[in-house]
1. With the condition kept exactly as written, say whether any residue in segment 161-182 is away from the ligand (no atom under 12 Å from the Cβ) and of a type outside the set (Asp, Glu).
2. Go through 106, 11 for me and flag whichever is closer than 17 Å to residue 408 by Cβ, of a type in the set (A, V, I, L, M, F, W, C) and outside any helix (DSSP H, G or I).
3. When you go through 197, 160 one by one, which is the residue that is open to solvent by 40 Å² or more (accessible area, probe 1.4 Å), touching an Asp or Glu at 6+ places or on another chain (Cβ under 9 Å) and touching a residue at least 40 places away in the same chain (Cβ under 8 Å)?
4. Do you know which of the residues in segment 96-105 that are touching a residue at least 12 places away in the same chain (Cβ under 8 Å) and away from the ligand (no atom under 14 Å from the Cβ) is surrounded by the most Cβ atoms within 10 Å (Cβ to Cβ)?
5. Checking residue 221 against (1) touching a Phe, Trp or Tyr at 6+ places or on another chain (Cβ under 8 Å); (2) within 16 Å of the ligand (Cβ to nearest atom); (3) within 16 Å of residue 256 (Cα to Cα): exactly one of these is not met. Which one?
6. Just for segment 399-414: of the residues that are near the ligand (Cβ under 7 Å from one of its atoms) and open to solvent by 10 Å² or more (accessible area, probe 1.4 Å), which one is nearest to residue 27 (Cα to Cα)?
7. Among 47, 43, which is the only one that is modelled with pLDDT of 95 or more, among the aliphatic types (A, V, I, L, M) and under 30 Å from residue 160 (Cβ atoms)?
Amino acid sequence: MHTQEQYDLIVIGSGAAGMMSAIIAARANKKVLLLEKLSKLGAKLKATGGGRCNLTNTLSNEDFMARFGREGRFMTPALEAFDHKKLRAFFADIGVESHAPDGYRVFPITHNAGTILTALEEEMIRVGVEIRCKQRVEELLFKNECMQGVKTQDSSYLSANVIVATGGMGYPVLGAEGDGYPLAQSVGHKVTELFPAMMPLKVKETWVQHCRADTIAKVELRVDLKKAKKLRATGDLIFTKSGIRGPVVLDFAREVTPLIAKYKEVPLLLNLTKGKNEDELFKYLKKQIDINSHQSTLELLKTLLPEALSIELCKLAGADYTLGFNKLKGQVKADLIKLLAWTPLTVIGHDGFKMAMITRGGVSLKEIHPDTMGSKVLKGLYFCGEVMNLDGPCGGYNLQWSFASGYLAGKSIG
Ligand SMILES: Cc1cc2nc3c(=O)[nH]c(=O)nc-3n(C[C@H](O)[C@H](O)[C@H](O)COP(=O)(O)OP(=O)(O)OC[C@H]3O[C@@H](n4cnc5c(N)ncnc54)[C@H](O)[C@@H]3O)c2cc1C
């Protein structure tokens, strides 16, 4: 074992959080070592936003935190120190201009995550961060309740300050495999239950395979379980070979995965008709029939939904879609309208962390100071980014949190 020189700070992990913390501490003249287990830096950052990197969004801090649920307020000091405006100014300062084409989601103007990564790498080099790849931290070294350094597979590195920025467990091929949790536990931190989140869901109903690639706008999703009636979301949904995906599903998955773990199956109700209820649907269909009384039920439904989905819903209701709507039996018509208002689907699984963009759960926030990101358990230990028990929806939330917490941790040491 080679004993290395003494650093002011060791950062474990070269994600958004780790690189930001390293830069901020090094800008304050701290001697910083960044350790990354992969051969390249920022693998996940490079894959964000489908390669376009949805950096942050334009919400106020209050609205931003509200989207993280009960734990959201923990972010107050980090966001006050580094909100979306400061984040954009930081990147502009290192040569990356950003914009919000829809007024909400912020991207680098290049729409290329590589631009963000390169700028961070160059800034780390400029401010003198020492970078070592292929170094997997396996142990935190501490004595008398103070940090001393870390041990990797072949070396040990000394520092009185260590930032754990190892990410969650989603997309393990991009580096984050949950290493930070046992590291935190090894010094006495608690880690909450962990669930994969932000991913496609598999459903029991096989008819969805016939609607593959149909994108439905403004779908309302509800959990049809007594104890989870309040769980609902609205957004665009896409049917897949074996289930559902799309923005609303990615966001809703974080609510559903704990329920799957508990109940095995989770019944959902989907409004696929932009929020129209049964009465509104009845009136809408009647009006369409008045305009064109000769059209088949399929032609009629196609004014609301894609053809494949219209056919499947007719089949479910037992309706002959070649007939005019008024030629259908009363009960069949009622069943069809009910299905249009609330289509049932049963979630039966998912691909686990392999396809999860986010981890729900993490190092418990109770033992971390929100003002510094410092550990309440061990002096000199800090956390930032997804390794902590905070996860947000799609739309730049998770990167903003990673950058802001990285900024605060780096600043606390600096
Ligand atoms: C495909 C995909 C797309 C996404 N798109 C967006 C988006 O557009 N906008 C958004 O806000 N969020 C997005 N997210 C979520 C976002 O990328 C993460 O929340 C964020 O990158 C987490 O940053 P982090 O620095 O905490 O962790 P990570 O980026 O996961 O970085 C952790 C780093 O630590 C390293 N590491 C782990 N263990 C060790 C160890 N023991 N020793 C040394 N190094 C270690 C890993 O190799 C990794 O490089 C996306 C996620 C995925 C998977």
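1. Checked against the condition, which is being away from the ligand (no atom under 12 Å from the Cβ) and of a type outside the set (Asp, Glu), segment 161-182 yields at least one hit.
2. Being closer than 17 Å to residue 408 by Cβ, of a type in the set (A, V, I, L, M, F, W, C) and outside any helix (DSSP H, G or I) holds for just one of 106, 11, which is 11.
3. Exactly one of 197, 160 is open to solvent by 40 Å² or more (accessible area, probe 1.4 Å), touching an Asp or Glu at 6+ places or on another chain (Cβ under 9 Å) and touching a residue at least 40 places away in the same chain (Cβ under 8 Å), namely 160.
4. Ranking the qualifying residues of segment 96-105, first place goes to 96.
5. The number of the failed condition is (2).
6. That would be 402.
7. Sole residue among the options that is modelled with pLDDT of 95 or more, among the aliphatic types (A, V, I, L, M) and under 30 Å from residue 160 (Cβ atoms): 43.
This table checks each residue for (1) under 27 Å from the mean Cα position of the chain (by Cα); (2) closer than 23 Å to residue 393 by Cβ; (3) assigned to a loop (DSSP other than H, G, I, E, B).
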{"site": "135", "(1), (2), (3)": "yes, no, yes"}
{"site": "142", "(1), (2), (3)": "no, no, no"}
{"site": "147", "(1), (2), (3)": "no, no, no"}
{"site": "158", "(1), (2), (3)": "no, no, no"}
{"site": "167", "(1), (2), (3)": "yes, yes, yes"}
{"site": "178", "(1), (2), (3)": "yes, yes, yes"}
{"site": "184", "(1), (2), (3)": "yes, no, no"}
{"site": "189", "(1), (2), (3)": "yes, no, yes"}
{"site": "199", "(1), (2), (3)": "yes, yes, yes"}
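The values are calculated or read from the model by the stated rules, or taken from the named source; none is laboratory data. Everything quoted here is computed from the prediction, not taken from an experiment. Backbone-built Cβ (ideal geometry, glycine too); neighbour counts: all protein chains shown. Surface areas here come from the heavy atoms of the whole protein model, side chains and all, with no ligands, DNA or RNA. Shrake-Rupley method; radii C 1.70, N 1.55, O 1.52, S 1.80 Å.
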